[in-house]
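These notes concern the structure reproduced below.
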Amino acid sequence: MPGPDSDHSETAWHALSGEETLARLDAREAGLTPEEAGRRLAEFGPNRLPPPTRNGPLLRFLLQFHNVLIYVLLVAAVVTAFLGHWVDFAVILGVVVLNALISFIQEGKAEKALESIRRMLSLHATVLRGGHRRQVGAEDLVPGDIVFLQSGDKVPADLRLLQIHELQVDEAMLTGESLPVSKSAEPVAASATVGDRTDMAFSGTMVTSGQGTGVVVATGGETELGRINEMLAQVQTLTTPLLRQIGEFARRLTVIIIVLAGGTLGFGVLLRGYSPGEMFLAAVGLMVAAIPEGLPAIITITLAIGVQRMAQRRAIIRRLPAVETLGAVTVICSDKTGTLTRSEMTVQAVVTTDHRFEVSGVGYDPHGVLSIAGQEVCPPDYPVLEEIGRAGLLCNDSILAGEEGEWRIQGDPTEGALLVLGRKMGIDPDLAGERWPRDDIIPFESQHRFMATLHHDHEGHGFIILKGAPERLLLMCDRQRSGKGDFPLDYSFWLGEMERLAVQGMRVLGIASAPARAEQDKLLYENVENGMVLLGLVGIIDPPREEAIVAVRQCRSAGIRVKMITGDHLITASAIARQMGIGSGQAALSGEDLEKMDDAELQQQVRTVEVFARAAPEHKLRLVEALQANGEVTAMTGDGVNDAPALKRSNIGVAMGIKGTEVAKEAAEMVLTDDNFASIASAVEEGRTVYDNIRKAILFILPTNGAEALIILVAIALGRSLPITPVQILWINMITAVTLALALAFEPPESDVMSRPPRDPREPILGPFLIWRLVYVSFILVAGTFGLFLLERESGADIQTARTVAVNTLVMFEAFYLLNSRYLHRSVLSREGLLGNRYVLLAIALVIAFQLLFTYAPPMQLLFDTVAMDAMAWLRVVLVSFSVFVLVEGEKLVFRFYYRD
């Protein structure tokens, strides 16, 4: 066999007949021979999606160093090594490597957690090879293979259907359509969209009912699934607000440090008469003082702690900075099916000639009641209602199964909703089937839009049940049933009821019946074309998740807008949005509307419109890009393949771990392992907390660096000896970062964290208030530390004693300032403020222990040139350093009245 055309991937298979398709693929209905299948497997490769390009472990580790601040630290390390200061070199390099290791390990853990949920293609497929049916691995399928499908199968490759029998396929993961699509073997127009290619079965979709046979036309990356996967590779991934801000901060800090060091070197040599070598060492000391060595590690650890907290809430963060990005989100774009809704069709209304019934309960749990205007009713008291429930059970090919409290449908979701309705009425489907067995069926097909079954009881009484699109059934009925008998059909009444249900977002299904002769055993189209009796209408909806409604409300209170972007119909999407509290009644837009808009008009529309229906993957991507062009920080939640391009383009993508497809998980920064939309609100809270804690850590660390740098500058300006040496500066930086600053990473959320509006992602990480606080605290630390140093020298103490006092003063300043730093604006003068974070108290105890070792342990005295201090010296240190706590709490009091950050 010569094999399929080389350009077969470009062929519009849906527009070809079955015979033309087989000819193009050089295939036969008897299937390929094993030899030909092997040859094609070698030519086309395994039937699996191309794995995402991944960096090797070494490159992933090296990429952790790709940060301007890290570059500054590495340069400082090289300079200290060049000058022979090996202790300084080892400390700086150790911090950098620790930072890289933490990030590297966390990324690896997240990727391993995702490996357990990587199952996109079905494991096996039934094919015809050499004229015989056989089971083969889905990866071994090749173009030209004949594949058999039946209810429950996952479609293993893109198939052009050749024969079908009541075949319906759930394509929600590909198109967003919540209802199964009825398939046909007839070709469609070449211009048909994916959702309208009824003669195709696409890889990764699920067969809900019926059977079919198709020929493989595309495998792996050539499938529709693969096309979207390739689209992902072309979507630009954005950096996060925190990374941008840290990068900008590092660049500015680098310039400031270089200017200060160079200016100090010049000032000392030209104006103060210091030797160039002496001033070069002082300039290096200034660089070491000004660079916050511990900051990268603290930021990474704070993010990692946020990741761990999210993991406890059943969320996997795939990239560390993503947890912070959640705190900056201003808009969440959410898919409807399975994310905001339960993806479980539910009957919520039944309309008969005489009554309108409401049905309680959601999903496939068969517990619920029927009521009229809020008053519970007993179904047997309403014969027409009970007849509708019985008809829904008998004209049905699906199965409702309960296992350990979980109810699932095997088959069509709409039929599942009818099964649940019958059970809520107290009708047993098995007993009904035994009492009125089925004799024949007209299966549902898209061209006639109904299903009919013929039944007889054991006394020979026969009847026909008809269910389908109500507008189709109205043409087949001439009467309607009421509690008082059958009457002529009131066409306008039923049209009004259909519209009323549709406006509520319900899919409307009509149910009718007619008597059959006792001897009739075949059901023909002419038996149902007219003369039927309409029993009533059933309103079915995919109900919203209760927890999602609460989560949407929480997001709105946090100043975050939620937009629904779905492939479902406009009326359905608008109705669900109203139930969810999304939008304020403004008009929704369809994918067709979006096609007519240019980018500028779309950017204007997304400012107000919050519901977008019949959206294709390209539309979702355009919407996210339009929002970002308006300056929004956008999150996209979803579970389908159709969500993946927008998930990747979003500032943060949130995929569902259970129902979510592999492509969506790969594109997302966060995966929810329980598919609970409510976790989004928790994630936003955690993201805001992480950002708060990072700001607190920065505002805690930088005054130390500012004070150290100012101390050196003041000493040089006054012509005095340095109060602290470069190696002592490194000790202070490390001890405060490793112990004190790290405690702030464990700070719990502040009480108002979810009542604030989202922060502006364009604002610098150090705003005016934080810069003021940095300068204010730095000067307090300089005044106290330099003042005690001068006091010790004036009292006759040697330089080692004075420097030991200076170092301990600066560290004790930091210990008291740590308490201030728990809240940026609120006072800490309360039990919660002083004792609410046990890690803060532990850190202070540890740093005191370290400082006692620093002061009294002989090896530390030798390494850092320190000496023992007496009790009076410690008293002076504690009293002076306590001043920062008093002064900062006073500053907070003033600012709470006159200033808001």
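The values are calculated or read from the model by the stated rules, or taken from the named source; none is laboratory data. Since this is a predicted model, take the numbers as computed values, not measurements. Using ideal geometry, Cβ is built from the backbone for each residue, glycine included, and neighbour counts are taken over all protein chains shown. Accessible surface is based on the protein model in full, side chains and every heavy atom, while ligands, DNA and RNA are left aside. Shrake-Rupley method; radii C 1.70, N 1.55, O 1.52, S 1.80 Å.
Observations, loosely collected:
- Compared with the dominant principal axis of the Cα atoms in the chain, helix 546-557 is inclined by about 40°.
- For the listed peptides 822-829, 352-359, 457-464, a ranking on the average number of other beta carbons within 10 Å per residue, highest first, reads 352-359, 822-829, 457-464.
- Note on the chain: Kirkwood radius taken over Cα pairs, Stokes-Einstein applied at 25 °C and 0.890 mPa s, translational D equal to 77 µm² s⁻¹.
- Extending 7 Å from Cα along the Cβ direction at residue 186 and again at residue 849 yields two label points whose distance is 8.2 nm.
- For region 664-715, the Rg and Dmax computed from alpha carbons only, in angstrom: 19.5, 60
- Taking 21 Å as the straight-line reach from the Cα of residue 892, the lysines in range (excluding those fewer than 8 positions away in the same chain) are 696.
- Centre-to-centre, using Cα atoms only, region 501-569 and region 820-856 are separated by 60 Å.
- For region 278-395, a/c is not less than 1.5, where a ≥ b ≥ c are the root eigenvalues of the C-alpha gyration tensor, and a/b tops b/c. That puts it in the prolate class.
- Mean Cβ neighbour count within 10 Å, used as a protection proxy, ranking 193-200, 495-502, 805-812, 646-653 highest first: 646-653, 805-812, 193-200, 495-502
- Taking the 1.4 Å solvent-accessible surface of region 149-209 as the whole, the part contributed by carbon and sulfur is 48%.
- Rounded to the nearest 10 degrees, the angle from helix 86-115 to the longest Cα principal axis of the chain is 10 degrees.
- Kirkwood-type hydrodynamic radius, region 773-901: 15.7 Å, calculated from all non-identical alpha-carbon pairs.
- Each Cα pair under 8 Å and six or more residues apart adds its separation to the average, and for the chain the resulting relative contact order is 12 percent.
- Using a cutoff of 8 angstrom between alpha carbon atoms and counting only pairs six or more residues apart, the relative contact order for region 577-734 works out to 12 percent.
- Degrees, to the nearest 10: 726-735 long Cα axis against longest axis of the chain: 40
- Region 668-812 - Rg (one decimal) and Dmax (whole number), Cα, Å: 20.4, 70
- Couplings 3J(HN,Hα) for region 745-757, derived from phi with the Karplus relation 6.51 cos²θ - 1.76 cosθ + 1.60 (θ = phi - 60°), are 5, 9, 4, x, x, 6, 4, 9, 5, 9, 10, 8, x Hz, where x marks Gly and Pro.
- Computed from backbone phi with θ = phi - 60° and the Karplus coefficients 6.51, -1.76 and 1.60, the 3J(HN,Hα) list for region 874-879 is 5, 5, 4, 4, 5, 5 Hz; x is used for glycine and proline.
- Derived scalar couplings between HN and Hα for region 778-789 equal 4, 5, 4, 5, 5, 4, x, 5, 5, x, 5, 4 Hz in order, rounded to whole Hz, by the Karplus curve 6.51 cos²θ - 1.76 cosθ + 1.60 (θ = phi - 60°), x for Gly and Pro.
- Here's the list of lysines a cross-link from residue 596 could span, going by alpha-carbon distance under 22 Å and ignoring same-chain residues fewer than 8 apart: 563, 620.
- The trypsin sites (Lys or Arg not before Pro) of region 671-742 that meet both conditions, a loop assignment by DSSP and at most 15 other Cβ atoms within 10 Å of the site Cβ, are 720.
- Plainly put, region 634-727 has a radius of gyration that is 1.41 times its Kirkwood radius, both from alpha-carbon atoms, as the Rg/Rh ratio.
- Whether region 485-636 is rounded, prolate or oblate, judged on the alpha carbon gyration tensor where a/c under 1.5 counts as rounded: prolate
- Relative contact order (percent, whole number), region 352-417, Cα cutoff 8 Å, 6+ residue spacing: 24
- Near residue 633, the amide H atoms lying under 5 Å from its own belong to 330, 331; only residues 5 or more places off or on other chains count, and H is placed 1.01 Å from N.
- Among beta bridges from DSSP that stay inside the chain, the antiparallel ones total about 75%.
- Å² of accessible area per residue within the chain, as computed with a 1.4 Å probe and no ligands counted: 41
- Distant-in-sequence amide contacts of residue 49, defined by a placed amide H-H separation under 5 Å and a gap of 5 or more residues or a different chain, comprise nothing.
- Global form of region 429-517, assessed from the alpha-carbon gyration tensor, a/c cut-off 1.5: prolate
- Computed with a 1.4 Å probe over protein heavy atoms only, the accessible area of residue 382 comes to about 60 Å².
- The protection proxy used here, the mean number of other Cβ atoms lying within 10 Å of each residue, ranks peptides 558-565, 764-771 as follows, highest first: 558-565, 764-771.
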